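Please read the structure below before turning to the comments.
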Amino acid sequence: MNKLDSMKPGSSKRLTYLSLIVVAVFLGWLYYAVGVNHMTVKNTAWALVPSLVAISLALISKEVYSSLFLGMVTGALLNAEFNMVEGLNQLFPDGIMDVMTNKNNIGILVFLVILGTMVQLMNRTGGSAAFGMWASKRIKSRVGAQLSTMLLGCLIFIDDYFNCLTVGSVMRPVTDKHKISRAKLAYLIDSTAAPICIIAPLSSWAAAVSGFVKGANGISIFVQSIPFNFYALLTLLMMVFIICMKIDYSSMLLHENNARKGDLFTTGKNNKGDEGSQKEKIGRVSDLIIPVVLLVVGCVIGMIYTGGFFDGKDFIDAFAVSNAPVGLVLGSSVALVITIAAYLARQSLSFDSCMDCLPEGFKQMVPAMLILIFAWTLKSMTDSLGAATYVASLVEHSATEFMGLLPAIIFVVAVGLAFASGTSWATFGILIPIVVSCFQEVDPQLMIISISACMAGAVCGDHCSPISDTTIMSSAGAQCNHLNHVTTQLPYVMTVAAVSFFTFLVAGFTKSALISLLFGIVVLFLFLMFIRRRLAARQTNAAGT
């Protein structure tokens with residue numbers, strides 16, 4: 001029996017009820033302050049309250065749907081100044097219904113359904129099981145399985161959405177075989193999604209960042225910022241260290257210990273995930289390789305098509321103006337059709353079986369889609385409350401007062417904003433133009449470091465936020481309980497974030513990427529060695545007693 005099984009159900013429920021009572025009292029106070037006394041909330045720190053309510057409730061109650069919904073309700077009431085009728089309009093027509101009619105949002109949802117269908121097709125043909133058997137003969141250890149997952153994530157750097165779901169579907173059979181917890185798999189997927197995309201010049205993220213740098217060559221500035229993107233670089237090193245040194249700590253240690261005993265999920269339930277379907281049929285490795293290759297090629301072509309590559313633009317410029325959601329839908333839909341045709345031609349599946357995978361793929365992605373819709377709605381609430389304006393003024397006022405400390409300050413602000421809003425792209429849009437306007441003429445090198453700090457902090461906040469779309473899709477890709485993924489990776493993310501903060505302090509004064517990065521690597525390594533010795537001491541004490 002693991003610790004989760006031995007917890008008293010009543011204690012968790014009491015904690016949830018207590019947190020709901022606290023939220024109710026808080027909303028009552030806000031009603032008095034805003035609805036009665038007309039306290040100003042727009043363009044102030046209060047604009048971040050809806051996100052903080054949702055995140056706090058999710059971490060306390062371990063239930064994400066109601067937590068997000070209550071955050072949305074808080075945002076709607078604040079926007080409507082506690083007018084109930086107007087609040088309902090803010091919540092549904094101007095909230096949920098509005099984000100669901102956004103073309104880009106619909107594109108992401110369609111992309112999820114297509115990828116879910118592709119996963120079902122690969123499982124039905126036995127391609128996933130065949131790849132698992134093939135890989136198990138070559139990957140002999142838990143370390144090898146984790147490094148292979150990390151390597152695949154690094155290779156798929158085009159887009160974080162595509163990365164999350166593709167790496168998960170390909171590597172689940174391998175990690176399951178070596179008894180690696182789904183929480184650890186989700187962490188590896190998440191850590192090679194945004195952190196890789198933000199240091200890859202040929203990615204949708206590079207295109208987005210370059211678009212926010214006005215009056216300069218955006219791609220050139222992006223490339224110059226890569227050596228200073230300490231959070232992304234140290235995250236990759238963190239994965240290598242914990243895998244090769246076999247270090248796990250905090251709640252991830254519980255999940256990994258349970259996985260070694262056969263419980264991959266640490267849910268207290270007998271959840272066997274994909275294993276049952278994989279044992280029904282063993283296909284060919286090509287049944288998995290063909291769809292994955294088609295997806296990669298199709299999505300790349302789809303993205304550069306939306307950027308005008310076939311109208312004469314070069315590859316880099318096409319990426320810089322590409323519409324990722326539309327390109328991913330176009331590329332993945334073509335890949336799906338070709339995959340079905342290939343399976344039918346090879347008689348891997350019947351036509352009826354292929355069609356059955358469509359609703360099954362949709363059902364597999366419903367939890368992730370629902371969380372995404374709620375998260376998008378919550379973000380629209382904070383946007384309308386003026387969270388971006390508040391953070392922009394905060395950074396702009398402090399920019400000229402703390403020159404050497406600016407990169408570290410920018411990093412912390414970006415982490416907080418991305419964590420509360422669940423998006424890093426919006427954080428880029430808010431902070432990068434401020435940094436460029438303040439330092440482009442004064443100190444170009446400090447501008448580059450500060451832009452890197454903005455990107456690093458945004459990725460860090462996005463990486464650990466429960467309402468981030470990348471975090472949500474990493475859970476979906478690993479088929480891991482979403483809040484299990486959030487709570488297990490949070491200590492790892494905070495470790496790298498703390499080291500990155502001090503590294504940016506060093507960079508602000510030395511302005512040297514090499515010196516600063518070496519400092520960060522040494523500090524991170526020493527911290528993990530300290531954790532390793534503490535864990536060894538605990539095991540020794542436990543054995544002695």
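Structural remarks
- Residues in the range 285-303 that are within 25 Å of Lys103 (Cβ to Cβ), surrounded by 21 or more Cβ atoms within 10 Å (Cβ to Cβ) and modelled with pLDDT of 85 or more: 2 in all.
- Condition check for Ser348: in a loop (DSSP other than H, G, I, E, B) and buried (at least 17 other Cβ atoms within 10 Å of the Cβ): yes
- Subset of the range 516-530 [within 16 Å of Leu233 (Cβ to Cβ) and either open to solvent by less than 20 Å² (accessible area, probe 1.4 Å) or out of contact with any helix residue (DSSP H, G or I) (no Cβ under 7 Å at 6 or more places or on another chain) (or both)]: Ser516, Leu518, Gly520, Val522, Leu524, Leu528
- Taken together, the residues in the range 338-397 that are modelled with pLDDT of 85 or more and among the charged types (D, E, K, R) amount to 5.
- Residue list for the range 435-476, restricted to those being open to solvent by 20 Å² or more (accessible area, probe 1.4 Å) and more than 24 Å from the chain's Cα centre (by Cα): Ser437, Cys438, Gln440, Glu441, Val442, Asp443, Pro444, Gln445
- Of everything listed in (1) farther than 20 Å from Leu372 by Cα; (2) open to solvent by 20 Å² or more (accessible area, probe 1.4 Å), the single unmet condition for Gln479 is (1).
- The one condition from (1) surrounded by fewer than 24 Cβ atoms within 10 Å (Cβ to Cβ); (2) charged (D, E, K, R); (3) within 21 Å of Gly457 (Cβ to Cβ) that Lys177 does not meet is (3).
- Meets criteria (assigned to a helix (DSSP H, G or I) and of a type outside the set (Phe, Trp, Tyr)) for Ser380: yes
- Residue within the range 141-149 that is within 30 Å of Ile304 (Cβ to Cβ) and either open to solvent by 40 Å² or more (accessible area, probe 1.4 Å) or modelled with pLDDT under 90 (or both) present: no
- Pairs linking a residue in the range 432-452 that is at pLDDT below 75 to a residue that is open to solvent by less than 10 Å² (accessible area, probe 1.4 Å) and not aliphatic (A, V, I, L, M), with Cβ atoms under 7 Å and 6 or more positions apart or on different chains, are Phe439/Ser450.
- Restricting the search to helices (runs of 4 or more DSSP H) fully inside the range 439-514 and requiring at least 1 residues that are of a type in the set (D, E, K, R) gives 444-464, 469-478.
The values are calculated or read from the model by the stated rules, or taken from the named source; none is laboratory data. Owing to the predicted nature of the structure, the values given are computational and were not obtained by experimental measurement. Reconstructed Cβ throughout: ideal geometry from the backbone, glycine too, with neighbour counts over all protein chains shown. Surface accessibility is based on the protein's heavy atoms, side chains included, excluding ligands, DNA and RNA. Shrake-Rupley method; radii C 1.70, N 1.55, O 1.52, S 1.80 Å.
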